[in-house]
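Undergrad: The structure's right below; bear with me while I get my questions together.
Just so you know, all these numbers are worked out from the coordinates, no wet-lab data involved. In this text, all values refer to a predicted model and were calculated from it rather than measured experimentally. Note: ideal-geometry Cβ built from the backbone for every residue, glycine included; neighbour counts use all protein chains shown.
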Amino acid sequence: MALNQTVARVTERIVERSRERRHLYLDQIARAAEAGPKRAHLTCGNQAHAYAAMGEDKTRLVEGRVPNIGIITAYNDMLSAHQPFETYPARIKQAARDAGGTAQVAGGVPAMCDGVTQGQTGMELSLFSRDVIAMAAGVALSHNTFDAALYLGVCDKIVPGLVIAAATFGHLPGLFVPAGPMVSGLPNDEKAKVRQQFAAGEVGRDKLMEAEMASYHGPGTCTFYGTANSNQMLMEFMGLHLPGSSFVNPGAPLRDALTEAATRRALEITALGNDFRPVGHVLDEKAFVNGIVGLMATGGSTNLVIHLPAMARAAGVLLDIEDFNDLSAVVPLMAKVYPNGLADVNHFHAAGGLAYMIGELLSEGLLHSDTLTVAGDGLGAYSKEPRLIDGELNWAQGPRVSENDKILRPVSDPFQATGGLRELKGNIGRSVMKVSAVKPEHRVIEANARVFHDQEDVKAAFKAGAFTEDTIVVVRYQGPAANGMPELHSLTPILAVLLDRGLKVALVTDGRMSGASGKVPAAIHVSPEGAKGGAIAKLRDGDRVRVDAEAGVLEVLEEGFEAREIAEADLSANESGLGRELFAMFRESCGLAAEGAGVAVR
């Protein structure tokens, strides 16, 4: 099948836009690859420090004739998704020994759980933790004694941060090694119903706690299709996972076999062998287009509209919101996974999952098939599924027919003809909306604005019964420069209650929503943000605002709007406490949300 014309056009536009930056990047990693790991050039004292605790691997490391893998781990047991990584280093080291190589834990990176910090002060550190992770991984890899790297991370900011680091050290081959989703618990729609009942005062905190604990109940990624699971999808579409490894549950024999196989593959693709595959060559323009296509086809997280440009910049590739919008117009929504549907990622995987989707999209010319991947054989390898038969790991052709058309459908009969995201722009700025879970009748709203500078004030207004008519709720000064751009997910239940009461309601914000953004229309990531002089800071209570996700419009319908003065906000309360004082330089130097809100890479 010939490549779709829009996919080809967007790819060429990205190539042209990125030409100079990508050229400089490739030159840089080529020089690093030519120099190679410095083990042979380190002083005896340097090497003694590097290998002092390596026991039986010490001799191999000193000889320097076999590849050495650097393990970057985001393990902690605060994140259920990362708890399984506790045992991975030992397994990886043994697999490396068995294959004739070595492996060392190069370093750990922080990993915060957005589920714990939702609606809390700590969420103001969340987005910037991505750049801290990239920097921490950079410190770990700076020892320059590795021929390849394995990146152990799953959740929201962790994978993007690790990709930025992997791209920065793009002369090294690298694989991303997942841990898999927790087994299914309380259905996500039932959990959401209890949250709305609690917000409306219909049930007590005991019922809310019971529902939350039944939903988040064991090791593994949360099972809804939010940012963490969107990350896992992305790593397959972009060729950084082994095929079919994203959604295998923790503790399963297949999970362990895939981790060992990732170790062997990392050893095979170093510069010491005949199949050198540096990450910087995997992460090219085509790979990022494939990632965006996967995001659209699955109805994935809006957070990736921030993370993908940041990841791409680290590899010398420049993405723009228009790329997401144009690809969304031609990529059909093939999956219905909560919050877009009732199923969770385990159900999605059982219905055919990523192997089915990639096969379908390739057959319709909606993906680049000729990308370099860690698995080899182009992206077609990712239409296969791993099988563990009599202890042997093999890949078989994945399903060509969906096992459940309520969850997963072919390109010829999708849930909707276009993808899950829209660009909205106008005299307020540029923004995005996740429309895959928003009913068509809720995608266009024209109403008076109510303006807030804090999500807690929105909640207070709701409790006071202040929302009695159609309303555009504006929450500004929530961007990265203002307060670190916390997710405003805790507003979802109360806005959903208003929607269920028959009101037309939408959110407009320069902040973020969760990867679990649901049925409430939300124009988010408004750029430029209020703290950088964006027009959102000129809005006043009572302004007539139009939010139109069908036409891509976000505008104020008031004469003289552009000439207004900026309404300043008091941000002093966001400057200290729970570590926020440590991030002042991040708030001062970060880029625009539309460009990835980067600090480490601009």
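Undergrad: Roughly how large, in nm² to one decimal, is the mean projection of the convex hull of the alpha-carbon atoms in the range 68-218? Mind showing how you got there, number by number?
TA: Details: hull surface 40.0 nm².
Average of the hull's projected areas for the range 68-218 equals 10.0 nm².
Undergrad: I've got another one for you. Tabulate in residue order the Karplus-calculated ³J(HN,Hα) for the range 562-570, using 6.51 cos²θ - 1.76 cosθ + 1.60 with θ = phi - 60°, rounded to whole Hz; enter x for Gly and Pro.
TA: 4, 7, 5, 7, 6, 7, 6, 10, 7
Undergrad: Return P(r) of the range 421-595 (all Cα-Cα pairs; 10 Å bins starting at 0; whole %; ordered from short to long distances).
TA: Per 10 Å bin, starting at 0, the Cα pair percentages come out as 10, 41, 37, 11, 1.
Undergrad: Let me ask something else about it. Please list 3J(HN,Hα) in residue order for the range 431-439, calculated via the Karplus relation 6.51 cos²θ - 1.76 cosθ + 1.60 where θ = phi - 60°; whole Hz, with x for glycine and proline.
TA: 8, 10, 9, 8, 9, 5, 10, 9, 5
Undergrad: Oh, and also: Please grab the % of Cα pairs in the range 168-325 that end up more than 20 Å from each other.
TA: On the way: 7451 of 12403 pairs.
Value for the range 168-325: 60 percent of Cα pairs lie more than 20 Å apart.
Undergrad: Would you work out which of GLN416, SER126, LEU175 lies farthest towards the positive end of the dipole of the chain? Charges go on Cβ: Lys and Arg +1, Asp and Glu -1.
TA: LEU175
Undergrad: Further, regarding this structure: Just the Kirkwood number for the range 499-556, please: inverse of mean 1/r across all distinct Cα pairs, in Å, one decimal.
TA: 12.6
Undergrad: Ranking request for peptides 566-573, 441-448: highest mean number of other beta-carbon atoms within 10 Å first, then the rest in descending order.
TA: Output ranking for 566-573, 441-448: 441-448, 566-573.
Undergrad: Same structure again: Evaluated at 4 °C with a viscosity of 1.567 mPa s, what Stokes-Einstein diffusion coefficient in µm²/s does the range 21-75 have when Rh comes from the Kirkwood expression over alpha-carbon pairs?
TA: The estimated diffusion coefficient comes to 97 µm²/s.
Undergrad: Compute the normalised compactness of the chain: alpha-carbon radius of gyration over 2.2 N^0.38 Å, N being the residue count.
TA: In units of the 2.2 N^0.38 Å rule of thumb, it is 0.94.
Undergrad: Considering Cα pairs under 8 angstrom that are at least six residues apart, work out the relative contact order of the chain and quote it in whole percent.
TA: Relative contact order comes out at 15 percent.
Undergrad: Another question about this same structure. For the ranges 95-107, 14-26, what's the packing order if you count other beta-carbon atoms within 10 Å of each residue, average per peptide, and put the highest first?
TA: Going from most to least packed, we get 95-107, 14-26.
Undergrad: Could you check the simple spin-label distance between LEU582 and ASP541, using points 7 Å along Cα→Cβ, in nm with one decimal?
TA: It is 3.9 nm.
Undergrad: Run the dipole for the range 466-516 about the Cα centre, Lys and Arg Cβ at +1, Asp and Glu Cβ at -1, nothing else charged, and hand back the magnitude in debye, nearest 20.
TA: Charge dipole of the range 466-516: 60 debye, to the nearest 20.
Undergrad: Let me ask you something else. Counting just the Cα atoms, what span does the range 237-336 cover along each of its three principal axes? Round to the nearest Å and put the largest first.
TA: Answer, in whole Å and largest first: 40, 32, 20 Å.
Undergrad: Using the per-residue mean of other Cβ atoms lying within 10 Å as a proxy for protection, in what order, highest first, do the peptides 27-36, 281-290, 399-408 fall?
TA: In decreasing order of mean packing, 27-36, 281-290, 399-408 become 281-290, 399-408, 27-36.
Undergrad: How large is the charge dipole for the chain, taken about the Cα centre, if only the Cβ atoms of Lys, Arg (+1) and Asp, Glu (-1) carry charge, to the nearest 20 debye?
TA: 640
Undergrad: Which of LEU495, THR43, GLY518 sits closest to the plus end of the dipole of the chain, meaning its Cα is farthest towards the positive end, when Lys and Arg get +1 and Asp and Glu get -1 on the C-beta?
TA: Farthest towards the positive pole: THR43.
Undergrad: At a temperature of 37 °C and a viscosity of 0.692 mPa s, determine how fast the range 135-236 diffuses translationally according to Stokes-Einstein, using the Kirkwood radius over alpha-carbon pairs as Rh; express D in µm²/s, rounded to the nearest whole number.
TA: On the way: Rh = 15.9 Å.
After rounding, the answer is 206 µm²/s.
Undergrad: Say the dipole of the chain comes from +1 at the beta carbon of Lys and Arg and -1 at that of Asp and Glu; which of LEU366, ALA549, GLN232 then lies farthest toward its positive end?
TA: Sorting the options by dipole projection puts first GLN232.
Undergrad: When N counts the residues of the range 266-398, how does its alpha-carbon radius of gyration compare numerically with 2.2 N^0.38 Å, as a ratio? Intermediate values should be presented prior to the final figure.
TA: Values: Rg = 16.1 Å, N = 133, 2.2 N^0.38 = 14.1 Å.
The reported ratio for this selection is 1.14.
Undergrad: Still on this model: If I model a spin label as a point 7 Å beyond the Cα along the Cα-Cβ vector, how far apart are those points for ALA350 and ALA53 in nm?
TA: Each label point is offset 7 Å from its Cα along the Cβ direction, giving 4.3 nm.
Undergrad: Given the Cα-Cα distance of ALA396 and SER363 and 0.36 nm per residue of separation, how much length would full extension add, in nm?
TA: 10.1 nm
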